[in-house]
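The values are calculated or read from the model by the stated rules, or taken from the named source; none is laboratory data. On a predicted model such as this, the values are computed, not experimentally measured, just so you know. With ideal geometry, Cβ positions are generated from the backbone for all residues, glycine too; neighbour counts draw on all protein chains shown.
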Amino acid sequence: MTPRRALLAGALATPFLGRAGRALGVARVVVVGGGYGGATCARALRQAGVDVTLVEAETAYLSCPFSNPVVAGLRDMEQQRFGYDHVIAAGVRLVHARATGVDATARMVQVEGAALPYDRLVLSPGVEMRLDPQPGALPGYGADMAERFPHAWKAGPQTLLLRRQLEAMPDGGTVAMSVPANPYRCPPGPYERASLIAHYLKTHKPRSKLIVLDAKDAFSKQKLFQAAWAKLYPNTLEWVGLSNGGRVTGIDPDGTLQTEFGAHPADVVNPIPPQRAGAIAQAAGVSDRTGWCPVDPVTFESRLVPGIHVIGDAAVMGAMPKSAFAAGAQAKVCADAIAALLAGQAPEVPRLINTCYSLVAPGYGISVAGVYRPVNGQLTDIEGAGGTSPLDAPPGVRAQEAAYAEDWYRTATTEAFGEPGAAGVDGRR
């Protein structure tokens, strides 16, 4: 028996004792995807006494939160890396393999030549980029182009490639970003990236310029971002919304971004493409024609395939955005719901919170928060329960929010991976 098959064999059968303490026989929960949603869910399930196996192809996770400072040269990439030792120590079985398919009738997950049976399956696959020739892709932006003009919307080699391209660009050069229409992973993420690239240019290449071409006229924390841009980067950053020709309609082989209003050549090009749920969600049949996965907001069980739950960026259930904090909140609610269902109990109706911090510059943070509850099968904002940073806040408040962002990062990574993320943004760069 190979080491991988031995590991899979060990993941197949352990009796599950429900929350009420009565034996439920052999109840198996498999979680696919070891990011913020999947790792948090697996740990929460195990803490609830559920027998759980986590399937993750990579031996370490590279965090998207706080990766924009890496792009801007303010943070080291190794600070984004998290292993799974603490996840294993918590009692979660870990299978380092790629999930390739799901047989929902037999309730089996195909894992690189073997199969894992499940009673409940949790998918937390994140997103995949829609690359040409996929439907809905940015015309001309295929896999080969992505290696030359990185989107860097998954932390890893592309993050560093974009950083190197910025460092190599001569002073006086132009950086061009494109931002897709909703929905996509992390709604304020492109605007945090634009802010920190502008900070890098202002600090290191002051004659350079960043143009942001946006397929929308409105975006998350817009007033806060634009006020900061006017104050910090008035001669560096230009944002072009949909009404003024910001929607990119294609990309040429030389990286020129085409819009209905004209062409935008640049020295460094960062096209953020449209997205959809990760491949395993499509293979499992839990994504619909939009490319995303509709779920019940109480249990996160798929509306398309019984017994499969979907959390994180891949899911769509109403007003809650696609963010790491949201994925962690959904993971804990989903874990509690599964524990209840396996114990023959009714899941509680949840309230979920999302908080998102963005860095506009070192020591300058802004935030948005929302609270959500299920209404008519969708997660709906609870009016008056959320909000954004004050628009006219003094510098001390902005510095405090930047510190809160680092506190949030430590908490989120501890809940997911069992170790606090190394925060800290180097403002000297």
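Things to note:
- Taken together, VAL71, VAL109, VAL122, VAL87 contain a single residue that is touching a His at 6+ places or on another chain (Cβ under 6 Å) and either among the hydrophobic types (A, V, I, L, M, F, W, C) or under 23 Å from ALA405 (Cα atoms) (or both), which is VAL122.
- Strands (runs of 3 or more DSSP E) wholly inside segment 88-191 containing at least 2 residues that are surrounded by 15 or more Cβ atoms within 10 Å (Cβ to Cβ) and free of Cβ contacts under 8 Å to residues at least 12 places away in the same chain: 108-111
Table: residues versus (1) crowded, with 18+ Cβ neighbours inside 10 Å; (2) modelled with pLDDT of 95 or more; (3) more than 20 Å from PRO390 (Cβ to Cβ).
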| residue | (1), (2), (3) |
| --- | --- |
| LYS205 | yes, yes, yes |
| VAL212 | yes, yes, yes |
| ALA215 | yes, yes, yes |
| LYS221 | yes, yes, no |
| ALA227 | no, yes, no |
| ALA230 | no, yes, no |
| TYR233 | yes, yes, yes |
| LEU237 | yes, yes, yes |
| ASN244 | no, yes, yes |
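- Qualifying residue in segment 337-347 (condition: more than 23 Å from the chain's Cα centre (by Cα) and closer than 30 Å to HIS199 by Cα): no
- Inside segment 265-295, residues that are among the charged types (D, E, K, R) and touching a residue at least 60 places away in the same chain (Cβ under 8 Å) make up a count of 2.
- Taken over segment 183-239, the residue count meeting the criterion of being hydrophobic (A, V, I, L, M, F, W, C) and closer than 20 Å to VAL425 by Cβ is 13.
- Positions within segment 400-429 being touching a strand residue (DSSP E or B) at 6+ places or on another chain (Cβ under 7 Å) and of a type outside the set (S, T, N, Q), in sequence order: GLU401, ALA402, TYR404, ALA405, TRP408, PHE417, GLU419, VAL425
- Against the conditions (1) under 20 Å from SER178 (Cα atoms); (2) outside the structural domain of PHE219 (by TED's automatic domain parsing); (3) assigned to a strand (DSSP E or B), HIS309 satisfies every one except (1).
- Only one entry of VAL360, VAL349 meets the criterion of being in contact with a His (Cβ under 9 Å, 6 or more places away or on another chain) and either surrounded by fewer than 23 Cβ atoms within 10 Å (Cβ to Cβ) or part of a strand (DSSP E or B) (or both), and that entry is VAL360.
- Top-ranked residue of segment 363-388 - restricted to ones that are more than 22 Å from the chain's Cα centre (by Cα) and part of a loop (DSSP other than H, G, I, E, B), ranked as nearest to LEU196 (Cα to Cα): GLY363
- Residue list for segment 268-300, filter: closer than 15 Å to HIS151 by Cα and touching a strand residue (DSSP E or B) at 6+ places or on another chain (Cβ under 7 Å): VAL268, VAL269, ASN270, PRO271, ILE272, PRO273, GLN275, ARG276
- Criterion (at positive phi, touching an Asp or Glu at 6+ places or on another chain (Cβ under 9 Å) and not basic (Lys, Arg)) met by exactly one of GLY173, GLY156, GLY136, GLY140: GLY140
- Checklist (1) modelled with pLDDT of 95 or more; (2) under 17 Å from LYS322 (Cα atoms) applied to GLY386, failing item: (1)
- Residue within segment 12-26 that is modelled with pLDDT of 55 or more, in a loop (DSSP other than H, G, I, E, B) and either within 29 Å of the chain's Cα centre (by Cα) or within 17 Å of GLN110 (Cα to Cα) (or both) present: no
- Number of residues in segment 59-76 that are more than 17 Å from the chain's Cα centre (by Cα) and over 29 Å from ARG93 (Cβ atoms): the value is 5.
- Some residue of segment 323-332 being assigned to a strand (DSSP E or B) and in the same structural domain as ALA44 (by TED's automatic domain parsing): no
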